[in-house]
Each structure stands twice: as C-alpha cells, then as structure tokens.
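Below you'll find the structure, written out as structure tokens, and then a few comments.
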Amino acid sequence: MFEFDFMRHAFVGAAVVSVLAGTVGWFLMLRRQAFAAHALSHIGFSGAAGAVWLGFPPLSGMVVFSLMAGFVIGAEREGERGVPAQRDSTIGLVLAASLGLGAWFLHMSNRGSSLATTLLFGDVLGIDLRTLEALCGVAVLCLGLLAFLGRRLLFASLAPEVARARGVPARLVSVVFMAVAALACAACAEVAGALLAFSLMIGPAATALKLGLGPLAGIALSVGLALGLSWGGLMLSWVTDAPVPFWIGLGAALSYALADLWRRFRSL
Amino acid sequence: MVDTKRVCCQPERGLVLRDVTLTAGSTCVLRDASLTVPLSGMTLLSGRNGAGKSTLLRAMLGLVPLQGGEILTHGLPPAQARQHIGYMPQSVTDAALLLPAVSHVRAAVDGLRWGLPLRLRPRREEADRLLALTGASAFAHRPLGLLSGGERQRVGLAQALAGNPDLLLLDEPLAALDHAGQEQTVRLLGDLTARLGIGIVLTSHETEALAGVVTRVMQLADGGLHVRV
C-alpha cells in the first residue's frame with residue numbers, strides 16, 4: 001500500500017494529526033470541554049464550505065472559522081469558581097449560528113451534497129503535499145504554544161481558583177488554549193472529517209484519563225492511541241474498503257470501553 | 001520552609017483595611033471599614049451565612065474588586081501580596097478526579113512558570129515534601145476522586161503550601177468533615193503554624209473544634225470587621 005503517493009501522504013498526515021489530537025485532546029478532556037471539541041470541528045465544516053464557495057482551500061476556511069469560534073468560546077467571562085457558568089450555552093449557540101452559515105455556504109456554492117459529504121466525512125486519501133505542509137505548520141504552531149502554555153494551563157485546569165489566586169492569568173490561558181484547540185480541530189477534520197474529527201481528540205484522551213495516569217504518561221498514551229487509531233483505520237480501510245473515520249470512531253469507543261473494563265477489573 | 005529574608009523585609013505585617021467598601025451581590029460585606037490586625041498564628045474569620053467571609057478572603061487575593069478603599073496584606077496590595085499567600089477554596093477541587101493526587105500538587109508547584117520544565121525531579125521532590133508535610137503521602141498516588149473529604153483537604157492544603165507562602169487563607173476547611181476529621185485537620189493546622197511559622201486565616205462555623213487553637217477572631221457583621229483576641 002505504500003507504493004502509492006496518496007497512501008504515504010495519508011500516513012504522514014494521520015501521524016501529524018494524531019500527535020496534535022492526542023495532546024490537545026488530553027487537555028480538552030481534562031478541562032471537561034468535550035462539547036467544545038465536538039462543536040469546533042463542526043464549526044470548521046461551515047468554514048470549509050465558505051472557503052470552497054469563495055474559491056479558497058477548505059483547510060483555510062476551517063482554520064479561520066474554528067479560530068474565531070475558539071476565541072469567542074475561550075473569552076467567555078468566568079464564573080466565581082473559575083469556570084464559565086454559561087460555557088455549554090455559548091458553545092451551543094456559536095455552533096448553531098455557524099452550522100446555519102454552513103448550510104447557506106453550501107447552498108451558495110451550488111455543490112451541496114458531494115461537497116458536504118467530503119467535508120463531513122473527510123478525505124484522508126486525498127491529502128496532497130501542500131495540505132501536508134499546511135498540517136505540519138498548524139501542528140508545530142499548536143504544539144509550540146501548548147509547550148509554552150503547558151504548566152500554567154495544567155494548573156488552571158486542575159485548580160482554577162487556586163491558580164487565579166496565585167496570579168495565573170486564567171482567562172488569557174483559556175483563550176489561547178481554545179485557539180490552539182480550534183486549530184487542532186481544523187487539522188483533525190482534514191483527516192477524519194468534521195463529523196468524526198473529535199473522535200481522535202476525545203477517544204484516546206478519555207481512555208488515558210480513565211486509566212488514571214498522570215499528565216506526562218497520560219499525554220503519551222493519548223498520542224500513542226491516536227496514532228494507533230488513525231494508522232489502524234488507514235490499514236483496515238485499505239483491507240476492508242470501509243471508510244477510515246468508521247474505523248477511527250469504532251476504535252475510539254472500543255479503547256475507552258476496554259479502559260473502563262480494566263479499571264473495573266482492578267477495583268474488584 | 002518560610003523565606004525569612006522575605007518576611008523580615010516587609011514593612012507592615014498583618015492585614016490593613018483602609019476605608020474598604022466591599023459588596024457581594026446585594027450584600028454589603030464591608031462599608032468604609034478601616035482596621036489593622038496582625039495575622040500571626042491562627043485567625044478565625046467568622047460571621048453568619050452569607051455575611052461575605054469567602055468574598056473578603058477573595059478580595060485579599062484580588063479575585064473580587066473592592067468598591068472603595070484598599071486592602072494591604074503584609075504591607076502589599078492584593079496583586080503582589082498573593083505571591084506570599086496560599087489559598088484553599090471551599091470546594092478543594094472537583095476537576096480531573098481520575099488523576100492521582102500527587103499530579104494535582106505537582107501542577108501547583110510549578111504552575112506559575114511558562115514553557116517546559118528542564119528537570120522534573122525538583123518538582124517531584126517538592127510535591128512529595130508538601131504531601132508529607134500535610135500527612136498525605138500515603139494516598140498521594142491514588143486518584144483524587146477516590147479520596148475521602150479529609151484526605152482531599154490534605155491534598156488541597158499541600159497545593160496551598162506550594163510556593164512557600166507566609167500566609168494561608170483557608171475557606172471552610174472543616175466543612176463536610178466528621179468530628180474526627182475536624183480534630184485531625186485542626187491539629188494539622190496548628191502544627192503548620194507552629195513548625196513553619198505560617199499565619200493562617202480560616203473561615204469556619206465550627207467554633208467549638210477551633211476553641212483554644214485560634215489566636216484571634218475577626219467577626220464580620222453589619223458592614224464592619226470586629227476583632228477579639
């Protein structure tokens with residue numbers, strides 16, 4: 001299967017996205033922002049539809065739309081205990097508004113169903129060299145920002161009030177992290193599609209957290225699992241002809257279920 | 001350990017309120033209140049439910065704005081004073097309950113730094129020291145969510161002690177503990193003030209459990225703060 005350029009690109013793209021999704025996803029799950037991950041990738045879909053309508057590459061539209069939504073979600077005023085009281089409402093409404101825009105963009109671009117299918121379910125086998133370069137750029141930027149932000153982000157995520165009391169600029173940290181998450185979601189959507197992009201972010205990270213691992217081991221496992229899911233998905237798709245996102249979604253749920261079983265078994 | 005050099009160089013020890021007006025929702029916590037009170041030993045901040053005890057602690061840290069006047073802690077305004085203050089909120093933490101307790105303390109130890117750590121060992125050793133100090137070593141590697149209320153309080157105290165503060169602000173540290181748990185926590189707090197020389201300000205309704213241990217009581221009532229020793 002590696003004799004084809006498109007397969008080699010797919011494997012490299014999946015690897016880049018997996019490292020990003022495993023890391024960002026771990027923080028998203030730690031901060032209980034699974035809904036944000038779900039919403040951001042769908043918002044990216046609307047951006048991609050808009051970009052196609054205007055004649056730009058879909059990834060650029062995904063990045064711009066996700067980034068704008070990330071800023072809006074991250075900038076929400078925090079409640080007394082350091083967590084935005086209306087977070088889910090804000091995310092839900094930003095999602096609703098952008099999906100509405102997405103429907104309009106699809107209508108205007110006059111390429112409705114085929115375009116929607118590609119954007120929603122992804123086209124990992126269609127990644128060209130240019131897209132691969134863009135994905136690498138997004139990954140380096142996101143991981144660099146996360147490395148810079150990491151310790152304050154971890155403190156603000158585990159003990160928001162204590163962190164604020166010690167002088168951590170929790171809101172700034174939250175905004176920058178949501179921007180990183182938005183970029184990561186856009187990158188994931190390129191591989192797994194808008195509908196299942198969050199499965200790469202959520203599944204591996206939730207599994208790592210379920211196992212009760214500390215931050216370093218948890219992020220390492222999350223990245224490893226994301227890599228296993230995306231590469232495994234590509235191989236199984238090659239063999240079975242079932243779409244890659246199908247295997248990724250199924251694998252994510254299965255890994256979490258296994259972690260849950262293992263945890264129950266240990267507590268017996 | 002307490003940074004004695006830092007302590008010696010500070011001009012004014014204790015809590016100073018100058019014409020402070022502070023509100024919490026529709027409740028007037030303080031109205032033009034002025035006061036100077038030392039914060040050595042253990043200080044109980046008391047008052048009826050909703051009087052604004054937690055709000056006053058949070059104002060000392062600059063987490064809620066004053067409507068007028070200024071608060072100085074050890075001679076410093078909140079933004080600078082909080083570098084020398086450890087804080088434990090009422091609900092210690094309900095985030096990431098599956099993570100081991102020690103991870104929560106490690107995060108607090110170097111949570112003020114940007115970038116990746118060059119060496120992990122100093123952070124681990126400091127977290128272990130803080131957990132030992134609060135008697136939490138035995139359950140440090142268990143998930144936070146599996147700990148009892150008293151055990152979580154000890155982890156929260158270890159977090160609050162990160163950064164070697166001169167002063168601890170503890171919001172209802174005895175709430176939701178049974179009698180034995182309250183006794184253990186009071187003993188631990190007394191031990192911390194005696195061994196480390198740290199001042200403690202705590203809010204609590206459990207005045208009986210604290211009898212004989214507190215150095216002074218600050219009563220929050222009718223928009224004023226009244227001190228008795």
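The values are calculated or read from the model by the stated rules, or taken from the named source; none is laboratory data. Since the model is a prediction, treat every value here as computed from it, not as a measurement. We place every Cβ from the backbone using ideal geometry, glycine too, and count neighbours over all the protein chains shown.
Hey, among the residues in the stretch B:97-117 that are touching a Pro at 6+ places or on another chain (Cβ under 7 Å) and assigned to a loop (DSSP other than H, G, I, E, B), which one's nearest to residue A:172 (Cα to Cα)?
Out of the qualifying residues, it is B:110.
State whether the residues of the stretch B:155-172 include one that is on the phi < 0 side of the Ramachandran plot and surrounded by fewer than 20 Cβ atoms within 10 Å (Cβ to Cβ).
Taking every residue of the stretch B:155-172 in turn, none turns out to be on the phi < 0 side of the Ramachandran plot and surrounded by fewer than 20 Cβ atoms within 10 Å (Cβ to Cβ).
Confirm whether residue B:52 is more than 17 Å from the chain's Cα centre (by Cα), more than 9 Å from chain A (Cβ to nearest Cβ) and farther than 19 Å from residue B:197 by Cβ.
It is false that residue B:52 is more than 17 Å from the chain's Cα centre (by Cα), more than 9 Å from chain A (Cβ to nearest Cβ) and farther than 19 Å from residue B:197 by Cβ.
Checking residue A:263 against (1) assigned to a helix (DSSP H, G or I); (2) in contact with a helix residue (DSSP H, G or I) (Cβ under 7 Å, 6 or more places away or on another chain); (3) surrounded by 21 or more Cβ atoms within 10 Å (Cβ to Cβ), which test does it fail?
Evaluating residue A:263 over (1) assigned to a helix (DSSP H, G or I); (2) in contact with a helix residue (DSSP H, G or I) (Cβ under 7 Å, 6 or more places away or on another chain); (3) surrounded by 21 or more Cβ atoms within 10 Å (Cβ to Cβ) leaves (3) as the failure.
Go through the residues of the stretch B:187-202 one by one and say whether even a single one is in a loop (DSSP other than H, G, I, E, B), within 21 Å of residue B:131 (Cβ to Cβ) and touching a Pro at 6+ places or on another chain (Cβ under 9 Å). Before the answer, list the steps.
Narrowing the stretch B:187-202 to residues in a loop (DSSP other than H, G, I, E, B): B:197-198.
The next check asks that each one be within 21 Å of residue B:131 (Cβ to Cβ); those that pass are B:197-198.
Restricting the remaining residues to those that are touching a Pro at 6+ places or on another chain (Cβ under 9 Å) gives B:198.
Looking through the stretch B:187-202, at least one residue is in a loop (DSSP other than H, G, I, E, B), within 21 Å of residue B:131 (Cβ to Cβ) and touching a Pro at 6+ places or on another chain (Cβ under 9 Å).
Test of understanding: among B:27, B:93, which residue is at pLDDT below 90, β-branched (Val, Ile, Thr) and within 25 Å of residue B:193 (Cβ to Cβ)?
B:93
Scan the stretch B:129-146 residue by residue and report those that are among the aliphatic types (A, V, I, L, M), farther than 13 Å from residue B:96 by Cα and within 21 Å of the chain's Cα centre (by Cα).
Selection gives B:130, B:131, B:132, B:133, B:136, B:140.
Is the stretch B:1-21 home to any residue that is within 21 Å of residue B:224 (Cβ to Cβ), in a loop (DSSP other than H, G, I, E, B), modelled with pLDDT under 85 and among the small types (Gly, Ala, Ser)?
No - not one qualifying residue is present in the stretch B:1-21.
Residues of the stretch B:117-159 being modelled with pLDDT under 90, under 15 Å from residue B:185 (Cα atoms) and touching a strand residue (DSSP E or B) at 6+ places or on another chain (Cβ under 9 Å), which ones?
B:153
Taking residue B:226 as the residue in question, decide whether it is more than 22 Å from residue B:81 (Cβ to Cβ) and assigned to a strand (DSSP E or B).
Yes: the conditions hold for residue B:226.
Looking only at the stretch A:1-53, count every residue that is closer than 16 Å to residue A:182 by Cβ and not aliphatic (A, V, I, L, M) and tell me the total.
Number of matching residues: 14.
Looking only at the stretch B:152-166, count every residue that is more than 12 Å from every other protein chain (Cβ to nearest Cβ), in contact (Cβ under 8 Å) with a residue 40 or more places away in the chain and out of contact with any Asp or Glu (no Cβ under 8 Å at 6 or more places or on another chain) and tell me the total.
Count: 1.
Checking the condition surrounded by fewer than 17 Cβ atoms within 10 Å (Cβ to Cβ), within 12 Å of another protein chain (Cβ to nearest Cβ) and free of Cβ contacts under 8 Å to residues at least 12 places away in the same chain, which residue from B:97, B:120 passes?
Values: B:97 fails: free of Cβ contacts under 8 Å to residues at least 12 places away in the same chain.
Within the list B:97, B:120, the selection yields B:120.
Only residues that are farther than 17 Å from residue B:40 by Cβ, loosely packed, with under 14 Cβ neighbours inside 10 Å and either within 17 Å of the chain's Cα centre (by Cα) or touching a residue at least 12 places away in the same chain (Cβ under 8 Å) (or both): list them for the stretch B:184-229, please.
B:187, B:207, B:221
Quick check: anything in the stretch B:66-74 surrounded by 18 or more Cβ atoms within 10 Å (Cβ to Cβ) and over 21 Å from residue B:219 (Cβ atoms)?
Yes, the conditions are met somewhere in the stretch B:66-74.
Considering only the stretch A:223-241, I want to know if a residue exists there that is in contact with a Leu (Cβ under 9 Å, 6 or more places away or on another chain), closer than 18 Å to residue A:10 by Cβ and of a type in the set (Phe, Trp, Tyr).
Taking every residue of the stretch A:223-241 in turn, none turns out to be in contact with a Leu (Cβ under 9 Å, 6 or more places away or on another chain), closer than 18 Å to residue A:10 by Cβ and of a type in the set (Phe, Trp, Tyr).
Could you look through the stretch B:55-81, keep only residues that are within 26 Å of residue B:211 (Cβ to Cβ) and not β-branched (Val, Ile, Thr), and pick out the one that is farthest from the other protein chains (Cβ to nearest Cβ)?
Here the residue is B:56.
Take the residues in the stretch B:75-94 that are of a type in the set (A, V, I, L, M, F, W, C) and farther than 17 Å from residue B:153 by Cα, then tell me which one is surrounded by the most Cβ atoms within 10 Å (Cβ to Cβ). Let's see the steps before the verdict.
Going through the stretch B:75-94, the residues of a type in the set (A, V, I, L, M, F, W, C) turn out to be B:76, B:79, B:81, B:85, B:88, B:92.
Then keep just the ones that are farther than 17 Å from residue B:153 by Cα; that gives B:76, B:79, B:81, B:85.
Details: B:76: 18, B:79: 10, B:81: 21, B:85: 24.
Once the filter is applied, the top-ranked residue is B:85.
Can you name the residue in the stretch A:89-122 that is within 18 Å of the chain's Cα centre (by Cα) and of a type in the set (S, T, N, Q) and is also modelled with the highest pLDDT among such residues?
Per the stated criteria, the residue is A:98.
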